[in-house]
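These notes are about the structure you will find just below.
Bear in mind that the values in this text are calculations on the coordinates, not laboratory data. In this text the structure is predicted, and so the values were computed from the model without any measurement. In this analysis, Cβ positions are derived from the backbone assuming ideal geometry, glycine residues included, and neighbour counts consider all displayed protein chains.
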Amino acid sequence: MSPALEVSNLTMDFGGLRALDSIDLTVNHGEIVALIGPNGAGKTTFFNCITGIYNPTAGDMRLVSPEGKAVRINGLKPNQVTENGMARTFQNIRLFQNMTVLENVMIGRHCRLRAGIPGAVFRPPRVRKEESRLIEDSYRMLQKVGLEKYVNEFAKNLPYGAQRRLEIARAMATEPFILLLDEPAAGMNTQETKELDELILRIRNEEGICILLIEHDMKLVMSLSDRIYVVDYGRKIAEGTPGQIKNDPAVIKAYLGEDIDA
Amino acid sequence: MDFGYFFELFLGGLTRGSIYALLALGYTMVYGIIELINFAHGEIYMIGAFTALIVTGVLTLMGWNKIAILILASLAAVVYSSAYGYTAEKIAYKPLRNAPRLSALISAIGVSLFLQNYVLLAQTSDFLPFPNLIPEFEFLKPVEDIVRSSEIVIYATTAVVMVALTILIKFTRIGKAMRATAQDQKMARLVGVDVDRVISITFIIGSATAALGGVLIASHIGQINFYIGFIAGIKAFVAAVLGGIGSMPGAVLGSLVLGWTESFFTGYISSDYEDVFAFIFLVLILIFRPSGILGRKDTDKV
Amino acid sequence: MFNVKELKKSILVSLWFMFLTFPIMVIKVNTIYGKVEWRWYRMALVGVGSFFLSFVWRALLRRKEMGLKKAEEGQEVKVPLTRKLISDKRFNRPALVVVCLFALLFPLVFSLYQVNIMTTALIYVVVGLGLNIVVGLAGLLDLGYVAFYAVGAYSYALLNYHFGLGFWTVLPIGAGLAMLFGILLGFPVLRLRGDYLAIVTLGFGEIIRIILENWNEFSFGPSGIANIPRPGFFGIQMNLHQVHIYIYYLMIGMTVFTIFVVRRLQDSRIGRAWMALREDEVACQAMGIDKTKTKLSAFALGATWAGMGGVVFAAKTTFINPASFTIWESIIILCIVVLGGMGSIVGVICGALVLILLPEYLRAFSEYRMLMFGAALIIMMVFRPGGIISDVRKVYHFEGLKEESKDL
Ligand SMILES: Nc1ncnc2c1ncn2[C@@H]1O[C@H](COP(=O)(O)OP(=O)(O)O)[C@@H](O)[C@H]1O
Ligand SMILES: [Mg+2]
């Protein structure tokens, strides 16, 4: 198995607070990896660091595409990270609320297309073709996540679970080889969670995209992930297969009182 | 170098700076708490000056004595500016608490435009002479041609206000509530802080401070019109940003720096571009050090 | 509705406003003659006015809250009538025809005076649409927009004065110079957060105005530049009447051109990126959009349009001075965009026509123009942040695709 994302020694300080303390983490192509830990452990901060939204205090981060092209992503801007093949969703949904569902997905493809201002104004055949392909592809993407019936709705008018799935569709539209999901099941009911489970598996199996997942729903985490990393107070306290994690004493201590072998 | 002239410019800068400071404190407090650039803050100061002018005019014609007039006029200015500040917050900002930041800023621009034209229409667009309310102190006679007593009063007022506000924020209950609200509104509400009340009080205090500035500068310069608030307000905002917005000592420091820069530049080089400075400062500071001289650098939470 | 509690509230509000406006509305001191004028009738007006307005205000607030609650509970939000009408083909096609006919026949029916006013309004439509790209689409609050307008106007005036260049030559030059300025200013300031950006652009606008006022050798200072030639038409001699009508049609042409460009931009890759930027900067970047480049393109394009408007303005009035380019001019243009509906072309056009024509035709009102603008900004932000006519998004249809891709 070859690595897609390699993070070593990642450290992030906010003033005096050390939110991440030398974290090492690897996601291989074809894997679904989970990052778990109590609230405030630093999981979202980890995502923000590797996607270029925060500038980490120390550490090394690399992306390796399926073709084997490696890029060091330290200091890259968020859009450059995305261009290099890593896309994400947000824990607190950040859709483009006053744009339609389809447009949200179309935005995702932005970095793979070229048309500029002159193209927009004069609309040469090349741009027309690009645009109509974009619309079709975006619609297909919506079908994949089961949102095609909302295609012309404003994003803000979607039910909660659908908004989460739209975030995934939008991220997928950037054509990533690794997808980061920040608590995708938060606020979903059992039925929606089940559909999400299937969707994530499909993304990995059919699209060949590897996934790094932050999630509190242990049932989902245990059933989906190949490997799990556990963080607490910014430190990695355990790493292993779902079976190993379930019985790890450090993990049980961190989650004292919470039900992890659900 | 002519030292006397230098000293004169130094004091002139100190005077300007002190007035900017009285305004900048209000900006910084409001920004610190609800992250709103209160575009209409300068108009509140203008309203204070106008109220004082009106009260002075009426009382002078009734033949009152000067000290009584000074006290009553300042009091009226403070009361009315606070009332306008409070009302503006209730009408134009409170309904926008959860709206995008730019909506509140546009609303504040609306308040500024409205108040300017309200005074213009209800009073006049002409410059009105403002009587010098501050008496000439006997003990200042010897230094009279270096520093006027109105200037001394300006320095003293700014110093007192700054100390009083610092004590208020650091040591009183309401100060604590203000700091809590500034940190995190939601959390403050959860631990029982009446956030709406805190914000109202912040506006009232800021407006009262601005009113003092209005009365002092009007009687120092000797004339006012409906437009004095706009440029003063912008400059005070620049001063607050220069010092590090949200920080009270920063606001005073930034105001003094701006005051001196303007004073020395106009004194030594040219008075044509007096008003450009504030803007150049603003642009440079925001580009190179958005957190200001004394401000902290934050990472926006995502 | 009209229960005792509400009544009490309104009485309190009315008392409060009578107190609040007392010194400034009622008392007027005449220092020269030593007289005080007491204008008590105004207090009565304020009292009665605020009493009734407070009912309206609260009713509107309640309506807004109800709307928000409905949206939160996921209930169907009522589509406003205006939006329905605009997106309905049966309505908008004939409406468009009527508007076009009206615009084309306007100078034949109305007096020269009216034509001139309409031309001014059209200039505002064009710069309003330009600012709409910056504020409405990209969400960048630019309070120094008028500076680019000044760049356009002064380019024409100065290039004509020194080199005798004509209107049509300078039109692209002025637009280009304004764009250049936009890029130069945009580069350093576009990193700033929204509200800081607003203040910095305001600062830039004022710097440019102050320079124009003081640098006499360059700009002729406050006295400005007079006798700027009006636009020519293939060297044909026209009398004053004809020239005004010509400028009117020229502005109609420019308006149509602007609408065409903005419409195409709105539904393009770049236009969508602008809107995404307005909606959420962080998410926008995370979706692979280069924030700086995208902002800069919006800023520069908006500036270009202001520059074009400026050239026409100089050619129409034949006289310019720095007093035409104050911050309040920027704010009037901002009002047009905000009032009409940020991001909506029809909205901006309506906004410009209402804000510019109303004070012209209701002379009694014109004194209160700026007061009303201020109030309008507040009221719009509080009750209808979307503007009178909110943005209509393009609707796509996929009947064909649905079938063929079932099996995917
Ligand atoms: N921008 C920031 N500034 C200061 N502290 C932050 C910032 N972002 C996150 N933190 C802090 O870092 C810690 C980790 O937060 P987070 O990564 O959101 O946790 P998780 O996603 O695991 O629940 C928390 O204590 C949080 O308050
Ligand atoms: Mg989190």
Checklist line | Label point at A:Gln91 placed 7 Å out along Cα→Cβ; residues across region A:23-52 whose backbone nitrogen lies under 20 Å | finding: A:23-26, A:33-52
Note to self: What are the membrane-span-like helices in chain C by this rule: whole DSSP H runs, Cα extent along the axis at least 18 Å, mean Kyte-Doolittle hydropathy at least -0.5?
What the structure shows: C:4-21, C:40-72, C:89-109, C:112-131, C:145-163, C:167-189, C:194-214, C:240-266, C:291-317, C:327-340, C:345-361, C:369-383
Checklist line | Sequence-distant residues sharing a close amide H with A:Ala4 (under 5 Å, placed H) | finding: A:Val27, A:Asn28, A:His29
Checklist line | region A:97-173 shape via C-alpha gyration tensor axes, a/c threshold 1.5 | finding: prolate
Notebook entry, point to check: Along the charge dipole of chain B, Cβ charges K/R +1 and D/E -1, which of B:Thr87, B:Leu53, B:Asn225 sits furthest on the positive end?
Noted result: B:Thr87
Item checked: Cα centroid separation, region A:21-88 to region B:20-50 (Å) -> 43
Check: Across chain A, where is the longest run that never hits trypsin sites (Lys or Arg not before Pro) in a DSSP loop with at most 14 other C-beta atoms within 10 Å?
Finding: A:115-262
Notebook entry, point to check: How large is the Kirkwood hydrodynamic radius of region A:12-74, in angstrom, based on all distinct alpha carbon pairs?
Noted result: 13.0
Next item on the list: Take a quick pass over chain A and tell me how many lysine pairs come in under 14 angstrom between Cα atoms, counting only ones 8 or more apart or on separate chains.
Entry: 4
Item checked: Inter-label distance, nm, simple model (7 Å from Cα along the C-beta direction), B:Glu274/B:Val79 -> 3.4
Notebook entry, point to check: If you plug each phi of region B:274-289 into the Karplus form 6.51 cos²θ - 1.76 cosθ + 1.60 with θ = phi - 60°, what whole-Hz ³J(HN,Hα) values come out, in order, with x for Gly and Pro?
Noted result: 3, 7, 6, 3, 3, 6, 5, 3, 4, 5, 5, 4, 5, 7, 9, 8
Next item on the list: Quick one: angle between helix B:66-88 and the longest Cα principal axis of chain B, in degrees between 0 and 90, rounded to 10, please.
Entry: 20
Margin query: Viscosity 1.306 mPa s, temperature 10 °C: give me the Stokes-Einstein translational D for region B:8-230 in µm²/s, with Rh taken as the Kirkwood radius over C-alpha pairs.
Written below: 87
Notebook entry, point to check: By count of other Cβ within 10 Å, fewest leading, how are C:Phe167, B:Phe288 ordered?
Noted result: B:Phe288, C:Phe167
Checklist line | Sequence-distant residues sharing a close amide H with B:Ile224 (under 5 Å, placed H) | finding: B:Leu128, B:Phe130
Checklist line | Nearest-20 debye value, the protein assembly as shown charge dipole, Cβ charges on Lys, Arg, Asp, Glu | finding: 2000
Checklist line | Once the Cα gyration tensor of the protein assembly as shown is diagonalised, semi-axes √(5λ) in Å | finding: 50, 38, 28
Notebook entry, point to check: Mind checking which of B:Ala236, B:Ala251, B:Ala92 has the largest fluctuation in a GNM of chain B, springs on alpha carbons under 10 Å?
Noted result: B:Ala92
Next item on the list: Classify chain A as rounded, prolate or oblate, taking a ≥ b ≥ c as the square roots of the eigenvalues of its Cα gyration tensor: rounded when a/c is under 1.5, otherwise prolate if a/b is larger than b/c and oblate if not.
Entry: prolate
Next item on the list: With a point put 7 Å past each Cα toward its Cβ, work out how far A:Glu198 is from C:Thr326 in nm, to one decimal.
Entry: 6.7
Note to self: Full-extension gain between C:Asp267 and C:Asn216, please, as 0.36 nm times their residue separation minus the C-alpha to C-alpha distance.
What the structure shows: 13.8 nm
Check: With springs only between Cα atoms under 10 Å, which of A:Glu67, A:Glu215, A:Glu136 fluctuates most in a Gaussian network model of chain A?
Finding: A:Glu67
Check: In degrees between 0 and 90, to the nearest 10, how far off the longest principal axis of chain B does helix B:248-268 point, with axes built from Cα atoms?
Finding: 40
Check: Amide H to amide H under 5 Å from A:Phe14: which residues, 5+ apart in sequence or cross-chain, H placed 1.01 Å off N in plane?
Finding: A:Ala19
Next item on the list: Report the residue, chosen from C:Ala323, C:Ala375, C:Ala276, that carries the largest GNM mean-square fluctuation when chain C is represented by alpha-carbon nodes joined by springs under 10 Å.
Entry: C:Ala375
Check: How far is it, in nm, from the label point at C:Ala95 to the one at C:Leu45 when both lie 7 Å from their Cα along the line to the Cβ?
Finding: 3.6
Item checked: In degrees, nearest ten, helix B:173-183 long axis to first principal axis of chain B (Cα) -> 60
Next item on the list: Treating each Cα of region C:4-73 as an identical point scatterer and ignoring solvent, apply the Debye formula and state log10 I(q)/I(0) at q = 0.16, 0.19, 0.20, 0.22 Å⁻¹.
Entry: -0.66, -0.78, -0.82, -0.89
Notebook entry, point to check: Magnitude of the Cβ-charge dipole of region C:1-61, K/R +1 and D/E -1, about the Cα centre, nearest 20 debye?
Noted result: 40
Next item on the list: For region C:295-383, just say rounded, prolate or oblate: build the C-alpha gyration tensor, square-root its eigenvalues into a ≥ b ≥ c, call rounded for a/c under 1.5, and beyond that prolate if a/b exceeds b/c, oblate if not.
Entry: oblate
Next item on the list: Can you put A:Tyr229, C:Tyr156, B:Tyr268, C:Tyr246 in order of Cβ neighbours within 10 angstrom, beginning with the fewest?
Entry: B:Tyr268, C:Tyr246, A:Tyr229, C:Tyr156
Checklist line | Dipole magnitude of region B:164-262 about its Cα centre (Cβ charges: Lys, Arg +1; Asp, Glu -1), debye to nearest 20 | finding: 340
Next item on the list: Consider all pairwise Cα distances in region C:110-383 and report the whole-number % of them above 28 Å.
Entry: 33
Check: When B:Trp260, C:Trp305 are ordered from fewest to most other Cβ atoms inside 10 Å of their Cβ, what list results?
Finding: B:Trp260, C:Trp305
